[in-house]
1. Name the helices (runs of 4 or more DSSP H) wholly within the range 164-240 that hold at least 2 residues that are surrounded by 18 or more Cβ atoms within 10 Å (Cβ to Cβ) and modelled with pLDDT under 90?
2. Looking for something closer than 27 Å to residue 206 by Cα, more than 20 Å from the chain's Cα centre (by Cα), surrounded by fewer than 17 Cβ atoms within 10 Å (Cβ to Cβ) and at pLDDT below 95 - is there at least one such residue anywhere in the range 42-61?
3. Give the residues of the range 102-154 that are within 30 Å of residue 421 (Cβ to Cβ), part of a helix (DSSP H, G or I), out of contact with any strand residue (DSSP E or B) (no Cβ under 7 Å at 6 or more places or on another chain) and in contact (Cβ under 8 Å) with a residue 24 or more places away in the chain, sorted by residue number.
4. Do we find that residue 6 is at pLDDT below 95, in a loop (DSSP other than H, G, I, E, B) and over 22 Å from residue 320 (Cα atoms) in this structure?
5. Out of the range 72-95, which residues are over 12 Å from residue 310 (Cα atoms) and either in contact with a helix residue (DSSP H, G or I) (Cβ under 7 Å, 6 or more places away or on another chain) or assigned to a strand (DSSP E or B) (or both)?
6. Step by step: first the residues of the range 62-71, then only those that are more than 17 Å from the chain's Cα centre (by Cα) and part of a loop (DSSP other than H, G, I, E, B), then the one that is surrounded by the most Cβ atoms within 10 Å (Cβ to Cβ). Which residue is that?
7. Scan the range 387-404 for residues that are touching a helix residue (DSSP H, G or I) at 6+ places or on another chain (Cβ under 9 Å) and within 7 Å of residue 418 (Cα to Cα) and jot them down.
8. Please tell me if residue 36 is touching a strand residue (DSSP E or B) at 6+ places or on another chain (Cβ under 6 Å) and at pLDDT 50 or above.
C-alpha cells in the first residue's frame with residue numbers, strides 16, 4: 001500500500017524531497033502532535049510553510065500510518081468533491097490505521113450509496129425550515145446563559161457558557177433529559193479529548209467510544225420500542241430499502257449527533273469570543289453593527305476550525321496538483337490549513353468579522369460536508385446576538401488553555417473578566 005516503507009532504524013523519508021531524518025526531528029512534527037496543540041494552539045506558521053513549499057506532502061511518522069497531507073483549499077476541494085475516487089470508509093481519521101475496526105459506523109465512515117441513503121433518512125431535521133423553527137428556543141437559552149453570568153465579574157467561559165447552548169439544544173432535539181446533559185458532555189470528552197487528563201475520564205479513546213455506543217444503543221432500543229417525536233426516534237426507526245436500521249447503525253448516528261453535534265460548536269463559540277477579545281476593534285465593530293453577526297460567526301468558524309482534518313483513501317490511481325497518488329494511499333484533508341490559505345483568503349491570519357468572500361471549509365466540502373452545519377451557525381448567531389450588545393467590557397482573566405488534541409480541538413479554558421448589562 002505504501003509507496004515507501006519506514007526503515008528499521010526508525011527514520012522517516014519524504015517522497016517529495018528525499019530528505020531523511022529522525023522522527024523527533026521531523027520538520028513538521030507539530031501538525032499531528034497533541035501536546036504541541038495543547039501548549040500553542042494550531043501550528044499555523046508550519047502549515048503556511050507547507051502550503052508554500054510542499055502543499056501535497058508525503059507525511060510519515062513512527063506513530064501513525066503515512067498520508068499525503070493537503071494544506072491548500074483548492075486541493076482539498078478537489079478531493080472532497082470526488083467521493084468515488086477518494087473514499088471515507090477505509091481510514092476516516094489520521095490516528096487510526098486503514099481497516100481499523102470501530103464499533104462506530106456513522107456518516108463520516110460511510111461511502112455511497114450507503115452514505116447517501118443514511119444521510120437522506122436524517123436530512124429533514126436539518127432543513128433551513130426545521131432549524132429556523134428552533135431559533136426562539138435557542139434565543140431563550142442564550143438569554144438565560146448570559147443572565148446567569150451577568151451578575152458576576154468573572155467566569156470560565158468554555159464550561160459556563162460556550163458548551164451550554166449547543167449541549168442543551170442537541171439533548172433537547174434527541175429527547176435526552178436535562179439531568180443527563182453532564183453525562184453527554186463527559187462521554188464526548190472521553191472520545192475527542194482522550195489524551196487530555198483534565199477532560200477525559202481515561203486516556204483510552206476506544207473505551208470511550210464503546211461506553212458512548214452503549215449509551216446510544218440503549219437510547220435507540222428505547223425509541224424503537226416506544227417511539228416519540230424527537231430526533232432520536234427518527235434515527236432509531238429510519239428505514240433503508242424497507243429495513244429498519246440495525247441497533248449499531250442507529251447508535252452510531254446517535255453518537256455522532258450527541259458528540260459532534262455540540263462539541264465542535266462549543267469550541268467555535270469559545271474560540272470566537274477569544275478572537276473578539278484579542279481583536280477589540282472587531283468587537284467594537286460588531287457592537288456598533290449587530291447586522292454583522294452572521295458574517296462574524298462565519299469568520300469565527302474559519303478562524304477556529306474545530307474539526308481540523310479528515311482522511312480519504314484513493315480508490316484508484318489519481319493526481320493532485322501534479323503529484324501522483326497511488327491506489328490505496330491515504331490523503332489527509334487539513335481544513336485548518338485550508339482556512340488560512342493565502343490563495344483563498346486575503347490576509348488569512350487576520351480575524352475580520354466582515355470578511356467577504358469567506359468560503360471556508362470548517363464544515364468540510366462535498367457530500368460529506370457536516371449535516372448539522374446550519375444548526376451550528378444558528379446556535380452561534382443566537383448566542384452572540386444576545387451577548388455582544390450586553391457586553392460593556394470583556395478581557396482575559398488568565399491564560400487561555402487548549403485541549404490536548406490535534407483532530408477535534410479548541411479551547412478547554414477561557415477565563416474572562418467582564419461587565420455585562422443585567
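1. Numbers: elements: 164-174, 181-192, 205-225, 231-236.
Helices (runs of 4 or more DSSP H) meeting the threshold: 181-192, 205-225.
2. no
3. Our first condition is that a residue be within 30 Å of residue 421 (Cβ to Cβ); within the range 102-154, this holds for 131-154.
With part of a helix (DSSP H, G or I) added as a condition, the list becomes 131-132, 135-150.
Among the residues that remain, those that are also out of contact with any strand residue (DSSP E or B) (no Cβ under 7 Å at 6 or more places or on another chain) are: 131-132, 135-145, 147-148.
Within the range 102-154, 131, 132, 135, 137, 138, 139, 141, 142, 143, 145, 147 meet the criteria.
4. Working: at pLDDT below 95: yes; in a loop (DSSP other than H, G, I, E, B): yes; over 22 Å from residue 320 (Cα atoms): yes.
Yes; evaluated as a whole, the condition is true for this residue.
5. Answer for the range 72-95, where residues must be over 12 Å from residue 310 (Cα atoms) and either in contact with a helix residue (DSSP H, G or I) (Cβ under 7 Å, 6 or more places away or on another chain) or assigned to a strand (DSSP E or B) (or both): 72, 73, 81, 83.
6. Per the stated criteria, the residue is 66.
7. First, pick out the residues of the range 387-404 that are touching a helix residue (DSSP H, G or I) at 6+ places or on another chain (Cβ under 9 Å): 387-391, 394-396, 400-404.
394, 395 - these are the residues of the range 387-404 that are touching a helix residue (DSSP H, G or I) at 6+ places or on another chain (Cβ under 9 Å) and within 7 Å of residue 418 (Cα to Cα).
8. Working: touching a strand residue (DSSP E or B) at 6+ places or on another chain (Cβ under 6 Å): no; at pLDDT 50 or above: yes.
Criteria not met by residue 36.
The values are calculated or read from the model by the stated rules, or taken from the named source; none is laboratory data. Keep in mind it's a predicted model, so treat the numbers as computed, not measured. As a convention, Cβ positions derive from the backbone with ideal geometry for all residues, glycine included, and neighbour counts pool all protein chains shown.
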